Amino acid sequence: MTEIPQSYDPAKAEREWSERWERDGIFRWDPTRSRAETFAVDTPPLTVSGSLHIGHAFSFTQADVIVRYQRMTGKNTFYPIGWDDNGLATERRVQNVFGIRPDPRKAYDPAWQPTRERPKDAPVEEVSRRNFVEACGLVTAEDERAFEDVWRRIGLSVDWTTQYATIDERCRRTSQLSFLDLERKGEAYQKFAPTVWDVDDRTAVAQAEIEDRELPGAYHDIRFSVDGEPPITISTTRPELLAACIAVVAHPRDERFRTYFGKTARTPLFHVRVPILPSEHADPEKGTGILMVCTFGDQADVEFWRGRELPLRQLIGLDGRMRPVRFGPSPFESAEPGEAQAAWAELEGKTVKQAQAKIVEQLRAADALVGEPRAIVHAVKFYERGSRPLEFVPTRQWFVRLLVHKQALLEQGRKVEWRPAYMRARYENWVEGLNQDWCISRQRYSGVPFPVWYPLDADGAPDHSRPIIAAPESLPVDPLSAAPPGYTEAQRDRPGGFSGDPDVMDTWATSSLTPQIASGWPLDMDRHAKLFPMDMRPQAHEIIRTWAFYTIVKAWLHEREIPWRNAAISGWILDPDRKKMSKSKGNVVTPMHLLEQYGSDAVRYWSASGRPGTDTAFDEGQMKVGRRLAIKMLNASKFVLGAAGDAPADLSLVTRPLDRAMLADLGGVVAECTAAFDAYDYARSLERTERFFWSFCDD
């Protein structure tokens, strides 16, 4: 009784318990115990790009409750913690913090130091790639310390000795070893091809990072002349791509255009002759039923162009502006090259939006625009972090094969227990809808480099058909700082010498290895065997298509195994307007002031009240209930322990009917809560326990 405080002081209690947990090491995994005794968790490595918000506290608490239950049952819990500190989110944060931008052409300055003390109107400072990456390391280290403070305060029972960061040396080595394994097996390949491209960040984007946004647009009806037939009118939402037209297509069973198939149409303004062809992808009910194929307006254009002997007429550059084009020679043949060049001169250098407005004027003046543009609202594809629509731009990228493995990946997903079970449908819908292999290269700076060089010919051009792959024992390696075997640094970027691959891997290419990073694959296979496949992956539902999917892909390609047995899916936290909390929307709530105001148990109570996989509204009222519950537990404990006297420690000796009835009820609670925890339903266990506790107090 003397050890029980008179009043509830959460800050004091949390500090004392946190120190005791760390001192006693009770959360540490014991590598000497068997796999059968172990419960291993693939913990999400949080993106280090600012501060944690209450949604993180919500989902991580739910996972922690499950881990604590498993530990109570006697399991040897392996509960690691990691940070995702490479990729575009980190780069953007560092650019904003220090007002800098990387320039790969600049030489490294070992004396340079970033500063936050800059005038608001100061120009952006250009720094070398290496200086920029070092600045990223400074910011992420600060963020990681701040994140750790919050996790310790909320009582996350992770093993802090297992900490890792996706850009640290071990993670870079594991990620590069993964690439070497996939390249050796023929699962990773590179090619020059149309790539989904973000024109602001100037990088390739994978299918899983694309989202549709509803935007206003317009149908433009454009008149094409046809040799030997009346003109045809084609509806398009992208008139700015007219000069990139390579074919005109209609559905093969569309009677309106049967006599046109095999003939040639002529584009207005640019006077380019293009074939009129049948295609199943043309929708007779859409627009005028006949459409132009351009290189490239959308994925359908890409699919139509592939495998056909059609030209590549690329208009949009890497910066999202209209490129210089010369009409007359291939691939921009024209019956009237002078007129075509004059029309293009008014479009060259403009953004897509500017070019669209200008070409509408040109078409109207040439009497090639039928009527006026018809306003519509349609889905436009964006990079999930982007601000301008995505484009298709031919570039050289590294890919991982997915399409040939779709059936196997569906089968792997069915071996996982999805909790709740209906979340499996989200995984399967994503796999079934795949139409691209995984583009894993990014034209960025802070990330895991590809351990690859290319020999240069006598003219200094890289020979991509003969990549020089780093030896496993040399990893991690940066090909922009180290020379490949058989070469010297003096031969870098010189004819007859070599050039390092300039790209870094998609951040998911490393994050998809979190079970292997934590388990030690392929560096410590004995440890790996004790931890892999892991028992639980806790994560939010919106990244099933990315993190869950890519992790299943890597486990399958490397070891023909699933990465974990259970996927515990959490919901979003919604703001008062029922919108998802996110930093980009500016509607997030950070948890520290709530932890200070109500105490960690109160915040954890609110978190554990959220049903698995269910979106939950942010509610301080629930935290107030949680705080009152914690106070009530303290007071009830003092009362019971003070009144117990010589009560028997062996409950089988209890003889009073009222007490025995209460114990019988308690036995039911224990059984029900155990079943709920075994099914990963922490909310049901909390609800049943709380009801019993209040009933006990009332009676």
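The values are calculated or read from the model by the stated rules, or taken from the named source; none is laboratory data. These numbers come from a predicted model, not from an experiment. Methodologically, a virtual Cβ is constructed for each residue, glycine included, from the backbone with ideal geometry; neighbour enumeration extends over all protein chains shown. These accessible areas exclude ligands, DNA and RNA; they are computed on the full protein's heavy atoms, side chains included. Shrake-Rupley method; radii C 1.70, N 1.55, O 1.52, S 1.80 Å.
Could you sort out which of Lys191/Lys406; Lys415/Lys579; Lys350/Lys580 sit more than 26 Å apart by Cα distance in this structure?
Listed pairs above 26 Å: Lys415/Lys579; Lys350/Lys580.
With +1 assigned to the C-beta of every Lys and Arg and -1 to the C-beta of every Asp and Glu, and no other charges, what is the dipole magnitude of the range 561-699 about the Cα centre in debye, to the nearest 20?
On the way: 18 positive and 19 negative charges, 100 e Å.
Once rounded to the nearest 20, the dipole reads 480 debye.
Can you work out ³J(HN,Hα) from phi for every residue in the range 486-491, in order, using Karplus 6.51 cos²θ - 1.76 cosθ + 1.60 and θ = phi - 60°, giving whole Hz and x for Gly and Pro?
x, 10, 10, 4, 5, 8
What percent of all Cα-Cα pairs in the range 277-431 falls in each 10 Å bin, counting up from 0?
Reading the bins upward from 0: 8, 24, 34, 19, 10, 5, 1.
On each of the three principal axes of the Cα atoms of the range 301-348, give max minus min coordinate, whole Å, ordered largest first.
32, 29, 13
Using DSSP to call loops (not H, G, I, E or B), can you name the GluC sites (Glu not before Pro) in the range 6-89 whose Cβ has at most 10 other Cβ atoms within 10 angstrom? All intermediate terms of the calculation are to be shown ahead of the outcome.
Values: sites: Glu14, Glu16, Glu19, Glu22, Glu37; in loops: none.
Here no GluC sites (Glu not before Pro) fit, given the DSSP loop and packing criteria.
Projected onto the charge dipole of the range 602-667 (+1 at Lys/Arg Cβ, -1 at Asp/Glu Cβ, origin at the Cα centre), which of Thr655, Ala617, Ala636 gives the Cα projection farthest towards the positive end?
Ala617
Within the range 52-69, name every residue whose backbone N is under 20 Å away from a label modeled 7 Å from Cα of Asp615 along the Cβ vector.
What the label zone holds, given the 20 Å backbone N cut-off, is 53-60, 62.
Lysines near Lys12 by alpha-carbon distance under 19 Å, same-chain residues fewer than 8 away left out - which ones?
Result set, ordered by chain and number: Lys624, Lys632, Lys638.
Using only Cα atoms, find the angle between the long axis of helix 600-609 and the longest principal axis of the chain, and express it within 0 to 90 degrees, rounded to the nearest 10.
Here the helix axis deviates by roughly 60 degrees.
How much area per residue is accessible in the chain when the probe is 1.4 Å and only protein heavy atoms are counted (Å²)?
Details: 32040 Å² over 699 residues.
The answer is 46 Å² per residue.
Tally Lys and Arg at +1 and Asp and Glu at -1 over the other residues with C-beta under 15 Å from the C-beta of Lys406: what net charge comes out?
Details: positive: Arg401, Arg414, Arg545; negative: Glu187, Glu411, Glu428, Glu432, Asp437.
Its environment carries a net charge of -2.
Over the range 488-626, what per residue volume does the convex hull of the Cα atoms give, in whole Å³? If you can, show how the numbers build up before the last one.
Numbers: hull volume 29.4 nm³, N = 139.
Convex hull volume per residue, Cα atoms: 212 Å³.
Using the alpha-carbon atoms, what tilt in degrees (0 to 90, nearest 10) does helix 88-98 show relative to the longest principal axis of the chain?
Helix 88-98 sits roughly 90 degrees off the main axis of the chain.
Write down Rg/Rh for the range 447-491, rounded to two decimals, with Rg from the C-alpha atoms and Rh from the Kirkwood relation over Cα pairs. Show your work: numbers first, answer last.
Working: Rg = 10.8 Å, Rh = 11.3 Å.
My calculation of the ratio gives 0.96.
What is the percent of Cα-Cα separations in the range 1-80 that go past 16 Å? List each step's numbers first, then the result.
On the way: 2085 of 3160 pairs.
Value for the range 1-80 (Cα pairs over 16 Å): 66 percent.
Just checking my list (i) 56, 31, 24; (ii) 43, 32, 26; (iii) 46, 33, 23 against semi-axes √(5λ) of the Cα gyration tensor in Å computed from this structure; which label fits?
(i)
Looking at the range 514-611, which trypsin sites (Lys or Arg not before Pro) are DSSP coil and have at most 16 other C-beta atoms within 10 Å of their C-beta? Mind dumping the intermediate values first?
Details: sites: Arg527, Lys530, Arg545, Lys554, Arg560, Arg565, Arg578, Lys579, Lys580, Lys583, Lys585, Arg604; in loops: Arg560, Arg578, Lys579, Lys583, Lys585.
Those that pass, being in a loop and sparsely packed, are Arg560, Arg578, Lys579, Lys583, Lys585.
Work out the length of the dipole vector of the range 282-405 about its Cα centre, built from +1 on the beta-carbon of each Lys and Arg and -1 on the beta-carbon of each Asp and Glu, and round it to the nearest 20 debye.
Details: 17 positive and 17 negative charges, 118 e Å.
The dipole of the range 282-405 has a size of about 560 debye.
Please work out the ratio of the alpha-carbon Rg of the range 382-446 to 2.2 N^0.38 Å and round it to two decimals.
Details: Rg = 15.3 Å, N = 65, 2.2 N^0.38 = 10.7 Å.
Relative to the 2.2 N^0.38 Å estimate, the range 382-446 comes out at 1.42.
Residue farthest toward the positive end of the dipole of the chain, with Cβ of Lys/Arg at +1 and Asp/Glu at -1: which of Gly228, Trp151, Gly386?
Farthest towards the positive end: Gly228.
Quote to one decimal, in nm, the extra length available between Leu312 and Cys697 on full extension: 0.36 nm per residue of separation minus the C-alpha distance between them.
Numbers: separation 385, 0.36 × 385 = 138.60 nm, distance 7.70 nm.
Additional length available on full extension: 130.9 nm.
Which one, Gly599, Ser582, Trp564, projects farthest toward the positive side of the charge dipole computed for the range 563-608 from Cβ point charges (K/R +1, D/E -1)?
With unit charges placed on the Cβ atoms, the residue in question is Trp564.
Give the relative contact order (percent, whole number) for the chain; include only Cα pairs under 8 Å separated by 6+ residues. Spell out each step's value before the answer.
Values: 1218 pairs, mean separation 116.6, N = 699.
Relative contact order of the chain: 17 percent.
How much of the accessible area of the chain, in percent, comes from carbon and sulfur atoms when a 1.4 Å probe is used?
On the way: 16540 of 32040 Å².
Answer for the chain: carbon and sulfur cover 52 percent of the accessible area.
Hand me the GluC sites (Glu not before Pro) from the range 169-223 located in a DSSP loop with no more than 10 other Cβ atoms within 10 Å, in residue order please. Write down the numbers at each step before the final one.
Numbers: sites: Glu169, Glu183, Glu187, Glu209, Glu211, Glu214; in loops: Glu187.
Of the GluC sites (Glu not before Pro), not one in the loops of the range 169-223 has a Cβ with at most 10 other Cβ atoms within 10 Å.
Charges only on Cβ, +1 for Lys and Arg, -1 for Asp and Glu: so what's the dipole of the range 68-192 about the Cα centre, in debye to the nearest 20? Write down the numbers at each step before the final one.
Working: 22 positive and 21 negative charges, 72 e Å.
Roughly 340 debye, rounded to the nearest 20.
Give the angle, between 0 and 90 degrees and rounded to the nearest 10, that separates the Cα long axis of helix 682-698 from the longest principal axis of the Cα atoms of the chain.
30 degrees
Quick check on the range 80-239: take the gyration tensor over C-alpha atoms, sort the square-rooted eigenvalues as a ≥ b ≥ c, and tell me if it's rounded (a/c under 1.5), prolate or oblate. Write down the numbers at each step before the final one.
Details: a/c = 2.16, a/b = 1.75, b/c = 1.23.
Since a/c reaches 1.5 and a/b is larger than b/c, the shape of the range 80-239 is classed as prolate.
Taking the alpha carbon gyration tensor of the range 354-477, what are the square roots of 5 times its eigenvalues, largest first, to the nearest whole Å?
On the way: eigenvalues 295, 191, 37 Å².
The equivalent ellipsoid of the range 354-477 has semi-axes of 38, 31, 14 Å.
Calculate the length of the line joining the C-alpha centroid of the range 604-638 to that of the range 72-147, in whole Å.
That distance is 36 Å.
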